[in-house]
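The block underneath contains the structure these notes are about, expressed in structure tokens.
Each reported figure results from applying straightforward, stated rules to the coordinates on display, with no laboratory input. Please read these numbers as outputs of a predicted model, since none were measured by experiment. Neighbour counts run over all protein chains shown; Cβ positions are idealised from the backbone, glycine included.
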Amino acid sequence: MKTFDYARADSAAEAVRDHAPGTMYLGGGTNLVDLMRLGVAEPDRLVDVSRLPLDRIEQAGDRVRIGATVRNSDLAADPGIRARYPMLARAVLTGASGQVRNVATVAGNLLQRTRCAYFQDVTRPCNKRRPGSGCPAIAGDHTNLAIMGASEACVATHPSDMAVALTALGAEVHVTGTGGDRVIPMPGLHRLPGDEPERDTVLEPGELIVAVELPPPPPGAMVYRKVRERASFAFALVSIAAALDVGADGTVAGCRIALGGLAHVPWRAERAEQALLGGPATGEAFLRAAEAELEQASPLPRNAYKVPLTRNLIVSTLEGLAS
Amino acid sequence: MEITLQVNGKARTVDVDPRISLLDLLRERLGLIGAKKGCDHGQCGACTVLLDGRRALSCLALAVAVEGRAVTTVEGLASGDDLHPLQAAFIEHDAFQCGYCTPGQLCSAAGMLDEPGPSAVTEDLRTDPGLTPDEIRERMSGNLCRCGAYVNIVSAISEVAR
């Protein structure tokens, strides 16, 4: 591991003041420390923000404000989150392991890097790690990589489960930086790779996430489902966060769908949502909506399985919510 | 950098490079070789310790970042010659073969027994489920055992959870 300086910030303002080129913020470290050990991340200086007084979950009117340093396990165990936002609690609980969730922070979960094997292997080219070096995944092993919104430069996926639920819920990310404070809606924090895959998010250098705010939960039932290669402690092949509100007349009054494991961003399935609104809540309609979303898919030879897998996951999840 | 940690109840002050992990600090500098280095990437659980009573991976923690906190390793689980109930149950149920993952399994189980709330396999997230074998398997999924002693590990933990 390359050597670095370490400092601990007492306030968000101090952390931002302390930020300079080559500085990285350290949260729980469950991803960053590993990337430093792999040589993928090589900060000159770490500013530890894990002890900032941002570790509370607070009701603010009809909204919930989740501090940036709330541990993943504390978020999932919170009685209010479990009762009102079960898709979020479930998403967090399906991620990583008990040991990792005890340490990983909410902001760090959003900012974790892709688990693309080429990104994590410094002996291989990777446009995300070394811009302009190429993407061997496209001709190589892309079995678990993106089928939506990818570019010729990068087919990485965002690995977070929590971010998928936050995208379906329409959460807002509160950020502070040298340019002041701002609020970034989800979807909108993460960006598609385009020709700048080294940028995962729209955050500017030195900007620090201080909180995630949840609007009131959407009406109807909600759920998070994750398909993976083993039953626990594995990243998603495909996942879905969905909420469905069926009116008394049997038509769809409201609908939220976000998909994980498919793209460089947690993917809000707006085409599927539009296709469903006002129509019947039937299996046939769910299938048409899933197909409308997946028309945008451009799979590679070894991840084409994700197209029917996602279609079937959308249909069965919506059928479960409707019944 | 000079840091002080509470390790198994004793204050330990050490001068460390910021790059050293808590795992390497415990093993190489403090002589506590109970926590094991399996993968060194947070994927196997062999290095699990308790940090302020909560289970965590010592390979992914920078020692400087846990300054001032209380660390319990497998060496700190027993009270003198009295084994921790989990240690006794692991022996009773033959819950290991080679033993390499066992310190991590023990610390992880000790932390897990105190963790509130549901897990990914809990049907109704509003409930606090009992520790059924399915719940134990899910909650212990961060600890791998290459000998495959899982069946007996689950019985040992079940006995203590009862």
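Is there a quick way to get the dipole size of the stretch A:221-322? I mean about its Cα centre, with the Cβ of Lys and Arg at +1 and of Asp and Glu at -1; what is the value in debye to the nearest 20? Numbers along the way, then the final one.
Details: 11 positive and 10 negative charges, 111 e Å.
It comes to approximately 540 debye.
Return the FRET efficiency for the residue pair residue B:11, residue B:41: r is the Cβ-Cβ distance, R0 is 35 Å, and the value is rounded to the nearest 0.05.
On the way: r = 30 Å, r/R0 = 0.86.
Approximately 0.70, to the nearest 0.05.
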Using alpha carbon centers only, the stretch A:14-85 is separated from the stretch A:260-323 by a whole-angstrom value of 31 Å
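Test of the criteria: in the stretch A:43-137, which trypsin sites (Lys or Arg not before Pro) are in a DSSP loop and have at most 12 other Cβ atoms within 10 angstrom of their Cβ?
On the way: sites: A:45, A:51, A:56, A:63, A:65, A:71, A:82, A:84, A:90, A:101, A:113, A:115, A:128, A:129; in loops: A:51, A:56, A:113, A:115, A:128, A:129.
For trypsin sites (Lys or Arg not before Pro) across the stretch A:43-137 that sit outside H, G, I, E and B with at most 12 neighbouring Cβ atoms in 10 Å, the list reads A:56.
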Sorted by chain and then number, the residues having a modelled amide H within less than 5 Å of the amide H of residue B:84, at least 5 places away or on another chain, are B:78, B:79
Computed from every Cα-Cα pair in chain A, P(r) in 20 Å bins starting at 0 and rounded to whole percents is 32, 58, 9, 0
Taking a crude spin-label model, label points 7 Å out from Cα along the C-beta direction, the residue A:38 to residue A:231 distance in nm is 2.8 nm
Out of A:146, A:242, A:234, a Gaussian network model of chain A with alpha-carbon springs under 10 Å gives the largest mean-square fluctuation to A:234
In debye to the nearest 20, the charge dipole size for the stretch A:1-110, taken about the Cα centre with +1 at each Lys and Arg Cβ and -1 at each Asp and Glu Cβ, equals 380 debye
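Working out 0.36 nm times the residue gap between residue A:312 and residue A:195, then minus their Cα-Cα distance, what length gain in nm do you get to one decimal?
Values: separation 117, 0.36 × 117 = 42.12 nm, distance 3.16 nm.
Taking residue A:312 through residue A:195 to full extension adds about 39.0 nm, to one decimal.
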Rounded to the nearest 500, the 222 nm mean residue ellipticity computed for chain B from DSSP H runs (n ≥ 4, each -39500 (n - 2.57)) alone is -7000 deg cm²/dmol
Site residue A:296, offset 7 angstrom along Cα→Cβ, radius 11 Å on amide nitrogen, limited to the stretch A:165-199, gives A:192
With no solvent term and unit scatterers on the alpha-carbon positions of chain B, Debye gives log₁₀ I(q)/I(0) at q = 0.13 Å⁻¹ of -0.61
The answer for the longest stretch of chain A without any exposed GluC sites (Glu not before Pro) (DSSP loop, at most 10 further Cβ atoms within 10 Å) is A:1-228
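As a test of the formula, what do you get for chain A when each DSSP H run with n ≥ 4 contributes -39,500 (n - 2.57) and the sum is divided by the residue count, at 222 nm and rounded to the nearest 500 deg cm²/dmol?
Numbers: 11 runs with 89 residues, N = 323.
That calculation yields -7500 deg cm²/dmol at 222 nm.
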For the stretch A:5-48, the percent of all C-alpha pairs falling in each 5 Å bin, from 0 up to the bin holding the max distance, is 6, 24, 32, 23, 12, 4, 0
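Which percent, to the nearest 5, of DSSP beta bridges fully inside the stretch A:9-124 are antiparallel? Please list the in-between numbers first.
On the way: 5 of 9 bridges.
In the stretch A:9-124, DSSP labels about 55 percent of beta bridges as antiparallel.
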In terms of the charge dipole of the stretch B:2-76, which places +1 on Lys and Arg and -1 on Asp and Glu at the beta carbon, the residue among B:62, B:11, B:41 farthest towards the positive end is B:41
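In nm, what is the difference between 0.36 nm times the number of residues separating residue B:127 and residue B:94 and their Cα-Cα distance?
So the extension gain works out to 8.7 nm.
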Site residue B:162, offset 7 angstrom along Cα→Cβ, radius 17 Å on amide nitrogen, limited to the stretch B:75-118, gives B:85-95
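Using a 10 Å cut-off on Cβ atoms, rank the peptides B:123-131, A:163-171 from the highest mean neighbour count down. Spell out each step's value before the answer.
On the way: B:123-131: 12.8, A:163-171: 27.7.
Descending packing order for the listed peptides: A:163-171, B:123-131.
Could you work out the Kirkwood radius for the stretch A:221-322, taking every pair of different alpha carbons, averaging 1/r and inverting it, reported in Å? Could you put the intermediate results ahead of the total?
On the way: mean 1/r = 0.0728 Å⁻¹.
Final number for the Kirkwood radius of the stretch A:221-322 is 13.7 Å.
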For residue A:288 and residue A:3, extending 7 Å from Cα along the Cα-Cβ vector and measuring point to point gives, in nm, a value of 6.7 nm
Sorted by chain and then number, the residues having a modelled amide H within less than 5 Å of the amide H of residue A:48, at least 5 places away or on another chain, are A:7, A:8, A:9, A:26
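Relative contact order (percent) for chain B, with alpha-carbon contacts under 8 angstrom and 6 or more residues of separation?
Details: 286 pairs, mean separation 37.9, N = 162.
The value is 23 percent.
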